[in-house]
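Report on the following structure.
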Amino acid sequence: MDALEQENAQLQEQVTTFRAELDRVNALVEALVAAQNRPPTPQAPVISEIVSTPIPATHGSTPQQNMPEAYPWGMPLNFNGGGHPGATEIPTPTIQHAIPVPQSGIPLPQIHVPVSQPTTMAPEDREKTSFITPWGTFCYKVMPFGLKNAGATYQRAMTTLFHDMMHKEIEVYVDDMIAKSRTEEEHVGHLLKLFLRLRKYRLRLNPNKCTFGVRSGKLLGFIISQKGIEVDPDKVRAIREMPAPRTEKQVRGFLGRLNYISRFISHMTATCGPIFKLLRKNQGITWTEDCQKAFDNIKEYLLEPPILVPPVEGRPLIMYLTVLDDSMGCVLGQQDETRRKEHAIYYLSKKFTECESRYSMLEKTCCALAWAAKRLRQYMINHTTWLISKMDPIKYIFEKPALTGRIARWQMLLSEYDIKYRTQKAIKGSIIADHLAHQPIDDYQSIKFDFPDEEIMHLKMKDCEEPLPEEGPDPESRWGLIFDGAVNAYGNEIGAVIITPKGTHIPFSARLLFDCTNNIAEYEACIMGIEEAIDLRIKVLDIYGDSALVINQIKGEWETRHQGLIPYKDYARRLLTFFNKVELHHIPREENQMADALATLSSMFEVSRWNDMPRISIRRLERPAHVFAIEEVVDNKPWFHDIKQFLQSQEYPLGASNKDKKTL
C-alpha cells in the first residue's frame, strides 16, 4: 500500500467528523455588555402558521420556568426557511469587538470545504437572549445568528483553533472554511490534517454544505477558478431575468444587484444614467424609452463580463490613472510571469462632486489617487505600485519634502504605500483608464483632505521651460539636414546633422531605449533632425538620407504598408508643415558618413538623460516620436472614439481612407 492509499484509508476513519446536527464549541463563549434595566421592547405576536409546534431543545434554546413576566430583556425574533428562530436585533447597548475579519474584496484562488459551527453562550448572558412564545419564555444556550459580535466571535474562534494552518493549507472567512491545494496528493494530506484538527476540538461538519475536490466554485459571491475571478452566473441570470422595474422598490433592487458586481462594470453610471434619475426627490417613477434602452444595454453587457485575476506576491502592481475635468478612471493590473502581458485586477471610475470639480488639475489628480488608494488599500498595502499617469507634476508628491500643512498631510496619507511614479510610455496603454474616466460611476463621497497648491506645478514648469531665441535665421536662407539610424549589436542609435548656409555642421545624436527595426530607427533620426530644425526656426530645409524607403514614403511616392511605420510617416509629414519650403533627397550611403558616424558614436558613450556633450548632443529617447501626436484633438472627442465606435457598431468613421481602415 503506497502513501496515497494510506492517507485515503485514514480519511475514511474521519467519517465521524460529519453529523447532521452540529455540536457546540464548549471552550468558546460569547459575552455581551450588560446595561441598565428598561421596559421590554414591544414585539408582534408569533404567527401560528409559521410556528405551529414548540421549539425543541435541540435548536439550542431552553425554557426558563422562573423568569418573571415583566423581565426587562427582550430579543426580536424571526424565522428562516427551515422554521428555526434567529435574532434580528438586540435592544441593548453592546460594544463591537475589534477583531480583524478578512476583506471580502480579496477572493481566494481555490475553494474546497465550507463549514459551520455554533458557539456556546456564557451562562450569565443567556437570559439576555430571551424571547416569548405561546409555550413559554425561552433563551439561547448557543450563539444565535444576528448578534452584533457573532461574526467577530466566530472569526476569533477559528483563528485560535487554526492559526498555524491559515494562509497555508486552509483559509477561513467567518463561517466558510476552505482547504486549498495545488495537486491531488497535497489535497489528501491537507484534508487529513484538517479532519484531525476538527476532531481534536470536537467540531462537526454539515455534509450538505461540503464540496470536495473541486477546481472552481463560488466564494464570497464570485466564481473562482484557474482563469481568475468571474461574476457568479446565478447573479447574472437573476439580473437578466428581471422584468423592467416599475416601482421605486424594484428600481432600488435592480441597482443594488448591479452595485454588488460593479467592479466588473466599467461604465455602470453612464449606462444606467436614466435609471438613476428615477430616484431623484419629488420625481415619480416613469419608465421611459431611455430607461428601457439602458436596462437592455446592461443586460447585454453582462453576457460577457470581464475576468479579473488576484494579485501575485512578489510582482509590482500597475495603476493606470486618468483624470478629466469631471471624472476619473483607474485600472489596477499586474504583469504575468513573462512580463509581456498585463492582467486586470480591479476597475474603478468616479464622478467628481461639485466641490471637487473646481479643483485644479493637480488637485484632481491627488484627489483621484487618494480615493483609488483608499478603495484598493487591501491590494496596494502589500505590493509596490507603479503609478502611470499623464500628470507628471504629481511625481513631486513622492520626491520633494513638503513644508506646508496641506502638502504634509497629503504625503502622510500616501506614506504607508510603496508608490513609484512612472511616466506614460505608450498612449494606448491608458485606453481603459481613459474609457473609464469618460464613463464614470457616480460616487459622491468627497475626499476630506487638503492637497498641494500651485507651487509644485510651478516647479515643473520652471524645469521644463527652455528659452527660445527671440529671432530666427533669415526666412529665405537655405539649410540642410542629413540623418541616419543604425540597429546593431551595440544597441539602437540615431544621428542627424544640420548644415547652416555658411557650411557649419551642428550634430545631434541619441540612443533609443526601446526595441525597433532599422526602418523605425531611420524614421526616428529623420524626425529628431526635423524637430531640431523647428526649434532653430528654420523655414527652408533640404533633407538628405540614405534610406530610400523613408524619403519616398514621406514624399508620398511610396505606399506605407507596414502598420508600425504609418504613425511615423504621418507625424513626419505634419512636422513639415512648419516650414515654408522642404525638399527631400535620397543620397548614397557613401555620402552620408557623418550622420552614420554620429549614430555609431552614441553607442560608444554611457550618458545620463539629457546629458549634453560639447558640440554634440547625445540624448536618451524612451518613447517613439510619433506618440506625441496621437492625442491630437480635432472634434472634441477622445482619441479612442473611432476605435470604440468601430468595436461597437463595426462602422468606420466618415471620410476614413483605406489606410485608416487598415489602422483600425
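The values are calculated or read from the model by the stated rules, or taken from the named source; none is laboratory data. Everything numeric in this text was worked out from a predicted model, so none of it was measured. Every residue, glycine as well, gets a Cβ built from its backbone with ideal geometry; the counts of neighbours run over all protein chains shown.
Of the residues T271, T247, T322, T288, which is touching a residue at least 24 places away in the same chain (Cβ under 8 Å), of a type in the set (S, T, Y) and exposed (fewer than 13 other Cβ atoms within 10 Å of the Cβ)? Break it down into steps so the answer makes sense when it comes.
Details: T271 fails: exposed (fewer than 13 other Cβ atoms within 10 Å of the Cβ); T322 fails: exposed (fewer than 13 other Cβ atoms within 10 Å of the Cβ); T288 fails: touching a residue at least 24 places away in the same chain (Cβ under 8 Å).
It is T247.
With A344, A238, A294, A244 as the choices, which residue is closer than 30 Å to L369 by Cβ and either part of a helix (DSSP H, G or I) or among the small types (G, A, S) (or both)?
After ruling out the rest, the residue left standing is A344.
Yes/no per residue for (1) farther than 30 Å from Q250 by Cα; (2) of a type outside the set (A, V, I, L, M, F, W, C):
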{"residue": "W287", "(1), (2)": "no, no"}
{"residue": "P305", "(1), (2)": "no, yes"}
{"residue": "G314", "(1), (2)": "yes, yes"}
{"residue": "V331", "(1), (2)": "yes, no"}
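Please specify each residue of segment 227-244 satisfying the condition of being in contact (Cβ under 8 Å) with a residue 40 or more places away in the chain, of a type outside the set (V, I, T) and over 17 Å from F276 (Cβ atoms).
Residues of segment 227-244 in contact (Cβ under 8 Å) with a residue 40 or more places away in the chain: 227-231, 236, 239-240, 244.
If we keep only those that are of a type outside the set (V, I, T) as well, we get 227-228, 230, 240, 244.
Hits for segment 227-244 are K227, G228, E230, R240.
Looking at segment 364-376, is at least one residue within 28 Å of E241 (Cα to Cα) and surrounded by fewer than 19 Cβ atoms within 10 Å (Cβ to Cβ)? Steps first, please.
Looking only at segment 364-376, we keep the residues that are within 28 Å of E241 (Cα to Cα), and these are none.
No, every residue in segment 364-376 fails to be within 28 Å of E241 (Cα to Cα) and surrounded by fewer than 19 Cβ atoms within 10 Å (Cβ to Cβ).
Can you tell me how many residues within segment 175-188 are surrounded by 17 or more Cβ atoms within 10 Å (Cβ to Cβ) and in a helix (DSSP H, G or I)?
Going through segment 175-188 one residue at a time, the tally reaches 2.
Output the number of the condition that R199 fails; it satisfies all remaining conditions of (1) at pLDDT 80 or above; (2) under 32 Å from the mean Cα position of the chain (by Cα).
(2)
Taking the criterion of being out of contact with any Leu (no Cβ under 6 Å at 6 or more places or on another chain), part of a helix (DSSP H, G or I), in contact (Cβ under 8 Å) with a residue 60 or more places away in the chain and under 30 Å from R263 (Cβ atoms), would at least one residue in segment 189-208 satisfy it?
No - not one qualifying residue is present in segment 189-208.
Working only within segment 534-546, note down all residues that are surrounded by fewer than 23 Cβ atoms within 10 Å (Cβ to Cβ) and not in a strand (DSSP E or B).
If the condition is that a residue be surrounded by fewer than 23 Cβ atoms within 10 Å (Cβ to Cβ) and not in a strand (DSSP E or B), then I534, D535, L536, R537, K539, D546 are the ones that fit.
Can you pull out every residue in segment 480-507 that is more than 17 Å from F579 (Cβ to Cβ) and in a loop (DSSP other than H, G, I, E, B)?
A489, Y490, K502, G503, T504
Answer yes if at least one residue in segment 484-491 is modelled with pLDDT of 85 or more, farther than 30 Å from W371 by Cα and crowded, with 17+ Cβ neighbours inside 10 Å, and no otherwise. Break it down into steps so the answer makes sense when it comes.
Just the residues of segment 484-491 that are modelled with pLDDT of 85 or more, to begin with: 484-485.
Then keep just the ones that are farther than 30 Å from W371 by Cα; that gives 484-485.
Checking which are crowded, with 17+ Cβ neighbours inside 10 Å leaves us with 484-485.
Checking segment 484-491: at least one residue is modelled with pLDDT of 85 or more, farther than 30 Å from W371 by Cα and crowded, with 17+ Cβ neighbours inside 10 Å.
Considering only segment 131-142, state which residues are at pLDDT 80 or above and assigned to a loop (DSSP other than H, G, I, E, B).
Passing the criteria: only K141.
Could you count how many residues in segment 216-235 are in contact with a strand residue (DSSP E or B) (Cβ under 8 Å, 6 or more places away or on another chain), charged (D, E, K, R) and part of a loop (DSSP other than H, G, I, E, B)?
So the answer is 1.
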